[in-house]
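Sharing a structure with you now.
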Amino acid sequence: MTAQIINGKELVRSIREEIKQEVQEMAHEGTQPGLAVVLVGEDPASSVYVRNKAKACEEVGIYSEVHKLPAETTELELLTLIGQLNKDEKIHGILVQLPLPKHIDEDIVIDSISVHKDVDCFHPVNVGNLVIGKPGMLPCTPSGVIEILHRMEVPLAGKHAVVIGRSNIVGKPMALLLLQEHATVTICHSRTKDLAEITKQADVLVAAVGRAKMIKREHVKEGAVVIDVGMNRDEHGKLCGDVDLDDVLETAGMITPVPGCVGPMTITMLLKNTVAAAKQAGAYGSHS
Ligand code: NDP
């Protein structure tokens, strides 16, 4: 049996259409959600991500502004800008594109973003809320993966989900969200022994490693749902995932392609978080 390749573009299109309608309804009540994206330095990949985020905002009617700062920007200058954005009533979400130049402390910068405007869900308060299962902002990549699984009607309760990767932005929150869906969750990382032995038990396998095509047929259980978060370059410089799609195609039941699924879904969740933050601000008055 050949795996179903999940049509990420179609999923993303329909969710963005829903968001657009929500934004239009908010416009009737006089609110427009607003996102500020801050980019420090000239990292080419970061510049592309920022452009894509601004474009996606425009597509659904979210106001966006991009603050491009030179690489020599001091930490204080960046904190001052964030302080202003925290108070700006037309801005409901603030995203500081990572990585930041080495002379700026990322933790201090993330901590300075208002908890209510932290649409990336990197602030320790939002991370804490996620751990204890309190409703609030959810991190974009892992919540995008859950959205894909829901829309594809993949059952999660009681299933064995294996996450490869334990980073703060993908692996750990991914495992927590799968746990909230009542899956039995195993987390693997670079010190895991016999990786294939564990991943082969997964009904749902999420790869968030950052190593081109490292997940092969021997890592995948027959019929498993495979979600590929990885964004890497192969030996020809072509964008590819952590999973060797051609190799697992006859083994997996369903698989996400790279590019075209988890990446655009991540941006879609950013839009969703911005709309949710704007609704919260409307409900409780503006936050700082
Ligand atoms: P990190 O480098 O922060 O984390 C990678 C994780 O993989 C670590 O936990 C590491 O283990 C683990 N790992 C490394 N090598 C192995 C191995 N041989 N076997 C098992 N585990 C291993 O990466 P991120 O979590 O930030 O990103 C992961 C991938 O997802 C990247 O390709 C990134 O580009 C992509 N990404 C895609 C996004 C999207 O929107 N599609 C968003 C964010 C990331 P250890 O902790 O022991 O070092």
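Among Thr268, Thr251, which is part of a loop (DSSP other than H, G, I, E, B) and hydroxyl-bearing (Ser, Thr, Tyr)?
The unique qualifying residue is Thr251.
Please work out if Val119 is within 16 Å of the ligand (Cβ to nearest atom), modelled with pLDDT of 95 or more, of a type in the set (A, V, I, L, M) and not in a helix (DSSP H, G or I).
Here the answer is yes, as Val119 does meet what is asked.
Checking the structure you have, find out if any residue of the stretch 225-245 is assigned to a loop (DSSP other than H, G, I, E, B), surrounded by 24 or more Cβ atoms within 10 Å (Cβ to Cβ), assigned by TED's automatic domain parsing to the domain that holds Ala175 and touching a Ser or Thr at 6+ places or on another chain (Cβ under 9 Å).
Yes, the conditions are met somewhere in the stretch 225-245.
Follow-up. Consider the stretch 243-266. How many of its residues are touching a Lys or Arg at 6+ places or on another chain (Cβ under 6 Å) and within 12 Å of the ligand (Cβ to nearest atom)?
Within the stretch 243-266, residues that are touching a Lys or Arg at 6+ places or on another chain (Cβ under 6 Å) and within 12 Å of the ligand (Cβ to nearest atom) number 1.
Quick check, is Thr186 out of contact with any Lys or Arg (no Cβ under 6 Å at 6 or more places or on another chain), within 14 Å of the ligand (Cβ to nearest atom) and more than 24 Å from Cys240 (Cα to Cα)?
So Thr186 passes the test.
Also, I was wondering about something else. Can you tell me which of (1) over 18 Å from Val145 (Cβ atoms); (2) touching a residue at least 60 places away in the same chain (Cβ under 8 Å); (3) in contact with a Lys or Arg (Cβ under 7 Å, 6 or more places away or on another chain) is the one Gly223 doesn't meet?
It is condition (3) that Gly223 fails.
Listed residues Ile148, Ile169, Ile198; which is within 9 Å of the ligand (Cβ to nearest atom), among the hydrophobic types (A, V, I, L, M, F, W, C) and either assigned to a loop (DSSP other than H, G, I, E, B) or in contact (Cβ under 8 Å) with a residue 12 or more places away in the chain (or both)?
That would be Ile169, the only listed residue that is within 9 Å of the ligand (Cβ to nearest atom), among the hydrophobic types (A, V, I, L, M, F, W, C) and either assigned to a loop (DSSP other than H, G, I, E, B) or in contact (Cβ under 8 Å) with a residue 12 or more places away in the chain (or both).
Next up: Please specify each residue of the stretch 189-209 satisfying the condition of being in contact with a helix residue (DSSP H, G or I) (Cβ under 6 Å, 6 or more places away or on another chain) and crowded, with 18+ Cβ neighbours inside 10 Å.
Residues satisfying the conditions are Thr199, Leu205, Val206, Ala208.
On to the next question. Could you check Ser114 against (1) open to solvent by 30 Å² or more (accessible area, probe 1.4 Å); (2) hydroxyl-bearing (Ser, Thr, Tyr); (3) touching a helix residue (DSSP H, G or I) at 6+ places or on another chain (Cβ under 7 Å) and say which number it fails?
Condition (1) is where Ser114 drops out.
The values are calculated or read from the model by the stated rules, or taken from the named source; none is laboratory data. From a predicted model like this one, the values you see are computed outputs, not experimental measurements. Glycine also receives a Cβ, built like all others from the backbone with ideal geometry; neighbour counts cover every protein chain displayed. Just so you know, the surface numbers come from the protein's heavy atoms only, side chains and all, with ligands and any DNA or RNA stripped out. Shrake-Rupley method; radii C 1.70, N 1.55, O 1.52, S 1.80 Å.
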